[in-house]
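The values are calculated or read from the model by the stated rules, or taken from the named source; none is laboratory data. Since this is a predicted model, take the numbers as computed values, not measurements. A quick note on method: Cβ atoms are made from the backbone with ideal geometry, for glycine too, and the neighbour counts reach across all protein chains shown. Accessible surface areas use protein heavy atoms only, side chains included; no ligands, DNA or RNA. Shrake-Rupley method; radii C 1.70, N 1.55, O 1.52, S 1.80 Å.
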Amino acid sequence: MRYNAFSQTGSPVSHLLLTNDDGIHAPGLLALAQSLAALGRVTVLAPEKNWSASGHVKTMHRPLRVRPTALADGTAALVTDGAPSDCVALALLGLVEEPIDLVVSGINPNANLGHDVTYSGTVTAAMEAAIAGVAAMAVSLDAPEYHSGPLDYEAAARVARCLSGVVLARGLPAGVCLNVNVPHRAFEELRGVAVTRQGLRVYRDALVRREDPRGRPYYWIGGEAPTGIAEEGTDFWALQQGLVSVTPLQLDLTAHEHLAALAGWRWSLQD
Ligand code: MN
């Protein structure tokens, strides 16, 4: 198994790239930046708007703009009109000159479990880093889906720091990134860390059809917040147990267990 080099040789300070999918002004990103600053140098490059549930994006048919800005506490940051995965690509392709040891994406206000990972801008930002061979993790807080009022990111930010320290020390297997989900409770009330597999999300989407003021129909994908099946060992189960869920993800989506059976089918190019 190949591991990313722990690139602290020659440089005593780790360099972390932070991004998110909720936009540069999201409180989860600020909490992450403040917490991870203790680990080394932090570069923030995040989208100017909310890209939640935008999936894995590569912007190819329009230019990308990047401009300097600052987070609410004055932390220097870069903001772009690109997607979360564009942020990672831009940085790793040379926009950020200094080598990056770890990419951390988040903190997303809601959990990314099971099939969510393919929708999630938070997770696909980490996947982009995995493609580029750089260690990465996505961090999400398991707050209620329709929570009103400000969320407390303190525990998740502290978890992100603890886990980032481990990944900086050990590296990650090539092509693997981590999907981290943190229960919505005080740090002292977290019951530990579980390494989990992707569980099964149960989506309760419903199509809402309405009419605009000119009588034309429009559609909204609505419905209730998704649930999940809390089978032991899954991400969904870990959160139910009050455990931080750490799921190693790879981008090989091949259904390996079905390869042999499908290869045995009588495939023909004759119609
Ligand atoms: Mn989001």
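Residues in the stretch 8-62 that are within 13 Å of the ligand (Cβ to nearest atom) and part of a strand (DSSP E or B): THR19, ALA46, PRO47.
Listed here are the residues, each with its yes/no results for (1) within 15 Å of the ligand (Cβ to nearest atom); (2) more than 17 Å from ALA46 (Cα to Cα); (3) modelled with pLDDT of 95 or more; (4) open to solvent by 30 Å² or more (accessible area, probe 1.4 Å).
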site: ALA111; (1), (2), (3), (4): yes, yes, yes, no
site: ALA125; (1), (2), (3), (4): yes, no, yes, no
site: ALA129; (1), (2), (3), (4): no, no, yes, no
site: ALA132; (1), (2), (3), (4): no, yes, yes, yes
site: PRO144; (1), (2), (3), (4): yes, yes, no, yes
site: PRO150; (1), (2), (3), (4): no, yes, no, yes
site: SER164; (1), (2), (3), (4): no, yes, yes, no
site: LEU168; (1), (2), (3), (4): no, yes, yes, no
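Give VAL79, VAL117, VAL88, VAL104 a once-over and let me know the one that is in a helix (DSSP H, G or I), among the β-branched types (Val, Ile, Thr) and within 19 Å of LEU29 (Cβ to Cβ). Within the list VAL79, VAL117, VAL88, VAL104, the selection yields VAL88.
In summary, SER140 fulfils each of the numbered conditions (1) under 22 Å from ALA186 (Cβ atoms); (2) in contact with a Ser or Thr (Cβ under 7 Å, 6 or more places away or on another chain); (3) not in a strand (DSSP E or B) with the single exception of condition (3).
Considering only the stretch 90-108, state which residues are touching a residue at least 40 places away in the same chain (Cβ under 8 Å) and open to solvent by 30 Å² or more (accessible area, probe 1.4 Å). Don't jump to the end; show me each part of the working.
Residues of the stretch 90-108 that are touching a residue at least 40 places away in the same chain (Cβ under 8 Å), as a first pass: 90-92, 95-96, 98-108.
Hits for the stretch 90-108 are LEU90, LEU92, LEU95, GLU98, PRO99.
Taking (1) part of a helix (DSSP H, G or I); (2) open to solvent by 40 Å² or more (accessible area, probe 1.4 Å); (3) of a type outside the set (Phe, Trp, Tyr) in turn, ALA238 satisfies each apart from (2).
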